[in-house]
Amino acid sequence: MVQIISGKEIGEEIRKDLTLEVESFKKETGITPGLAVVLVGENPASLVYVGQKEKACEQVGIISRKYALPENASQDEVLNLVDQLNNDSEIHGILVQLPLPVHLNESEILNRVSPQKDVDGFHPVNVGKLLLGEETFVPCTPQGIIELLERTGVEIKGKEAVVVGRSNIVGKPVAILLLQRHATVTICHTRTRDLAFHTKRAEILVVAAGKPHLIKGDMIKEGVVVIDVGVNRVNGKLVGDVDFESAKEVASAITPVPGGVGPMTVTMLLKNTLRAAKSLAQT
Ligand code: NAP
């Protein structure tokens with residue numbers, strides 16, 4: 001019988017612990033962790049994600065402040081806002097909601113966020129530390145994936161792990177985290193010659209391609225643990241990158257979409273914000 005890995009339930013458990021941790025941090029230091037969310041324009045998906053993040057912050061006692069700039073905001077306006085937030089002692093974490101409008105230089109903006117407040121883990125300093133295996137802010141979705149595996153009791157060490165997708169946000173960092181936990185990692189992308197050859201070898205399969213139902217049941221091996229990161233809207237319904245119906249007949253465990261990786265991403269953002277507040281409180 002396949003195990004459905006519920007990120008919703010696991011995320012809730014972690015949020016309960018975080019609520020207590022935030023509470024005791026406030027008591028000890030008098031500081032309330034604060035997250036700034038920078039939103040440029042009105043991308044409908046971004047508005048939904050930002051709303052979820054604000055609600056989650058409230059749930060665990062973190063203050064969230066939204067800074068909404070118009071679609072036509074200039075590069076300097078966004079950079080000035082980031083500078084201001086870097087210097088704001090009530091703000092411990094800064095999140096720039098992606099994607100930014102195309103006229104903006106995304107990497108310049110992300111690089112401007114203080115590495116100490118970079119709760120998304122996108123700053124090159126933090127990316128470099130992740131690669132070196134040093135303590136750092138780990139990007140939220142990859143961190144959430146590892147928590148899902150560990151809390152489900154999936155052993156990573158020695159396993160054949162296959163990651164489909166090589167983005168800076170999901171594919172590459174999750175591959176690094178799996179490697180650090182001693183999996184043998186293969187990363188697939190659009191130039192991979194025979195995708196099914198690789199996915200069929202996986203004992204842990206992470207799919208982050210943004211292609212609805214790319215992975216079908218006949219492309220995976222009996223007993224694999226499948227983490228479906230994809231979020232795709234098809235005919236008004238959210239679906240993953242994995243064809244859940246056929247894959248669940250073969251896998252030993254699988255995440256649903258929605259209710260799998262998504263809630264974990266938001267939960268890890270809360271965790272990173274508390275961590276930022278704690279480490280800034282010590283400086
Ligand atoms: P992305 O930047 O578009 O990257 C997609 C990656 O998948 C690329 O590396 C691409 O290869 C690869 N790819 C695309 N089609 C492929 C195919 N047919 N065969 C093999 N590889 C293929 O996307 P992303 O930001 O990583 O996000 C991936 C998905 O996860 C999206 O659906 C996104 O909405 C979702 N997501 C969910 C969460 C969450 O919290 N649940 C968070 C982040 C992202 P190339 O590099 O060769 O182009």
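Under 6 Å between Cβ atoms, at least 6 apart or on separate chains: pull out the pairs that start in the stretch 157-172 with a residue that is part of a helix (DSSP H, G or I) and end on any residue that is near the ligand (Cβ under 6 Å from one of its atoms).
From residues that are part of a helix (DSSP H, G or I), the pairs are G171/G165; G171/A208; K172/R166.
If I filter the stretch 179-186 for residues that are more than 11 Å from the ligand (Cβ to nearest atom) and open to solvent by less than 10 Å² (accessible area, probe 1.4 Å), do I get at least one hit?
As a first pass, look at the stretch 179-186 and keep what is more than 11 Å from the ligand (Cβ to nearest atom): 179-186.
Imposing the further condition that a residue be open to solvent by less than 10 Å² (accessible area, probe 1.4 Å) reduces the set to 183.
Looking for residues that are more than 11 Å from the ligand (Cβ to nearest atom) and open to solvent by less than 10 Å² (accessible area, probe 1.4 Å), one finds at least one in the stretch 179-186, hence yes.
How many residues does the stretch 56-82 contain that are in a helix (DSSP H, G or I), free of Cβ contacts under 8 Å to residues at least 40 places away in the same chain and closer than 15 Å to I94 by Cα?
Residues meeting the conditions: 2.
Tally the residues that are among the acidic types (D, E) and away from the ligand (no atom under 14 Å from the Cβ), restricting the search to the stretch 195-252.
5
Go through the stretch 128-175 and give me each residue that's closer than 27 Å to N111 by Cβ and away from the ligand (no atom under 14 Å from the Cβ).
Passing the criteria: G128, K129, L130, L131, L132, G133, E134, E135, T136, F137.
Applying the selection to the stretch 245-283, what residues are under 29 Å from K216 (Cα atoms), among the polar types (S, T, N, Q) and more than 16 Å from the chain's Cα centre (by Cα)?
S246, S252
If only one of N126, N111, N87 is open to solvent by 20 Å² or more (accessible area, probe 1.4 Å) and under 27 Å from V48 (Cβ atoms), which one is it?
Just one listed residue meets the conditions, N111.
Sort out which residues of the stretch 219-244 are touching a residue at least 12 places away in the same chain (Cβ under 8 Å) and not β-branched (V, I, T), and write them in order of number.
Result: M219, K221, E222, G223, D228, G230, N232, L238, G240, D241, D243, F244.
Inspect the stretch 39-46 for any residue being within 17 Å of the chain's Cα centre (by Cα) and either in contact (Cβ under 8 Å) with a residue 40 or more places away in the chain or open to solvent by 40 Å² or more (accessible area, probe 1.4 Å) (or both) and give the result as yes or no.
From the stretch 39-46, those within 17 Å of the chain's Cα centre (by Cα) are 45-46; that's our starting set.
Filter once more, keeping what is either in contact (Cβ under 8 Å) with a residue 40 or more places away in the chain or open to solvent by 40 Å² or more (accessible area, probe 1.4 Å) (or both): 45-46.
Looking for residues that are within 17 Å of the chain's Cα centre (by Cα) and either in contact (Cβ under 8 Å) with a residue 40 or more places away in the chain or open to solvent by 40 Å² or more (accessible area, probe 1.4 Å) (or both), one finds at least one in the stretch 39-46, hence yes.
The values are calculated or read from the model by the stated rules, or taken from the named source; none is laboratory data. Since this is a predicted model, take the numbers as computed values, not measurements. Cβ sites come from the backbone with ideal geometry, for glycine too, and all protein chains shown count toward neighbours. The accessibility values were calculated without ligands, DNA or RNA, using every heavy atom of the protein model including side chains. Shrake-Rupley method; radii C 1.70, N 1.55, O 1.52, S 1.80 Å.
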